[in-house]
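S.K.: Quick one: this structure, given as structure tokens, is what I'll be asking you about.
The values are calculated or read from the model by the stated rules, or taken from the named source; none is laboratory data. Since we're looking at a predicted model, the values are computed, not measured. For neighbour counting, all protein chains shown are included, and Cβ atoms are generated from backbone atoms with ideal geometry for every residue, glycine included.
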Ligand code: GRF
């Protein structure tokens with residue numbers, strides 16, 4: 001048990017993805033341990049979810065820093081203090097800078113509610129509905145300096161029904177998010193992800 005991957009989860013909101021990861025750690029289907037949960041928002045419900053499980057939580061308010069790079073330096077300090085090996089963005093509503101990205105090379109993941117490279121940025125579900133696509137989904141990817149541009153790890157498709165609203169579509173996508181985010185983290189924990197240029201190679205089980 002001493003060698004469990006230590007994850008630092010960055011959040012700003014509800015934290016249903018955090019909850020899915022917590023649940024998979026608790027039931028043993030994810031061999032990792034959440035070392036800390038960091039939020040830029042004190043009122044994020046995600047912090048409450050972490051506290052309930054006895055996970056250390058840290059509120060680092062972006063408004064206390066003169067700029068993004070300084071804020072990210074504080075994130076790096078806290079992540080290092082908790083000996084984090086993988087940074088997981090789970091509804092973290094901040095743009096991150098090279099200060100954080102370079103501190104954890106190929107070790108920061110994000111989940112996006114669309115099939116990238118379609119519909120990056122905010123309101124991906126609304127973008128999908130407005131475009132009229134029949135299929136959307138979610139993407140787990142490594143984070144690089146762009147917005148939702150990093151190498152793709154896993155994706156799952158979700159059908160768009162004619163009667164879908166932003167809320168119903170988001171709910172369907174979230175079910176898939178909660179399934180594939182822990183899977184992607186497990187692949188990382190097992191050392192099965194290798195980034196080659198734009199691509200992530202998933203090595204087969206030994
Ligand atoms: C998810 O839909 C994720 O795709 C996006 O932010 C949302 C976070 O939801 N990046 P939650 O806080 O995990 O419930």
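A quick yes/no check of all residues on (1) within 11 Å of the ligand (Cβ to nearest atom); (2) within 20 Å of residue 45 (Cα to Cα); (3) touching a strand residue (DSSP E or B) at 6+ places or on another chain (Cβ under 7 Å):
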{"position": "80", "(1), (2), (3)": "no, no, no"}
{"position": "83", "(1), (2), (3)": "no, no, yes"}
{"position": "90", "(1), (2), (3)": "yes, yes, yes"}
{"position": "97", "(1), (2), (3)": "no, no, no"}
{"position": "104", "(1), (2), (3)": "no, no, yes"}
{"position": "112", "(1), (2), (3)": "yes, yes, yes"}
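S.K.: Here's another thing I want to ask about it. Do you know which of the residues in segment 1-19 that are surrounded by fewer than 22 Cβ atoms within 10 Å (Cβ to Cβ) and within 10 Å of the ligand (Cβ to nearest atom) is nearest to residue 52 (Cα to Cα)?
M.R.: By that ranking, first place goes to 19.
Table: residues versus (1) closer than 22 Å to residue 170 by Cα; (2) in contact with a strand residue (DSSP E or B) (Cβ under 9 Å, 6 or more places away or on another chain).
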position	(1), (2)
17	yes, yes
35	no, yes
44	yes, yes
52	no, no
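S.K.: A further question follows. Residue check, residue 138 against (1) in contact with a helix residue (DSSP H, G or I) (Cβ under 7 Å, 6 or more places away or on another chain); (2) more than 27 Å from residue 173 (Cα to Cα), all met but one. Which one?
M.R.: (2)
Residues checked against (1) assigned to a loop (DSSP other than H, G, I, E, B); (2) surrounded by 16 or more Cβ atoms within 10 Å (Cβ to Cβ); (3) in the same structural domain as residue 154 (by TED's automatic domain parsing):
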| site | (1), (2), (3) |
| --- | --- |
| 92 | yes, yes, no |
| 96 | yes, yes, no |
| 100 | no, yes, no |
| 116 | yes, yes, yes |
| 121 | yes, no, yes |
| 127 | no, yes, yes |
| 130 | no, no, yes |
| 136 | no, yes, yes |
| 139 | no, yes, yes |
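S.K.: Evaluate segment 67-76: report whether one residue or more is in contact with a helix residue (DSSP H, G or I) (Cβ under 8 Å, 6 or more places away or on another chain), under 19 Å from residue 190 (Cβ atoms) and surrounded by fewer than 18 Cβ atoms within 10 Å (Cβ to Cβ).
M.R.: no
S.K.: Here's a check for you: in segment 42-52, which residue that is within 15 Å of the ligand (Cβ to nearest atom) and part of a loop (DSSP other than H, G, I, E, B) is nearest to residue 84 (Cα to Cα)?
M.R.: Step one: of segment 42-52, the residues within 15 Å of the ligand (Cβ to nearest atom) are 43-50.
Filter once more, keeping what is part of a loop (DSSP other than H, G, I, E, B): 43-44.
On the way: 43: 24, 44: 21 Å.
Looking at residues that are within 15 Å of the ligand (Cβ to nearest atom) and part of a loop (DSSP other than H, G, I, E, B), I get 44.
Every residue, every condition in (1) under 15 Å from the mean Cα position of the chain (by Cα); (2) touching a residue at least 24 places away in the same chain (Cβ under 8 Å); (3) not assigned by TED's automatic domain parsing to the domain that holds residue 171, yes or no:
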| site | (1), (2), (3) |
| --- | --- |
| 3 | no, no, yes |
| 6 | yes, yes, yes |
| 13 | yes, yes, yes |
| 16 | yes, yes, yes |
| 26 | no, yes, yes |
| 31 | no, yes, yes |
| 36 | yes, yes, yes |
| 41 | no, yes, yes |
| 49 | no, yes, yes |
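S.K.: Now for a different question. Select the strands (runs of 3 or more DSSP E) contained entirely in segment 151-202, then report the ones holding at least 2 residues which are in the same structural domain as residue 120 (by TED's automatic domain parsing) and buried (at least 18 other Cβ atoms within 10 Å of the Cβ).
M.R.: 152-159
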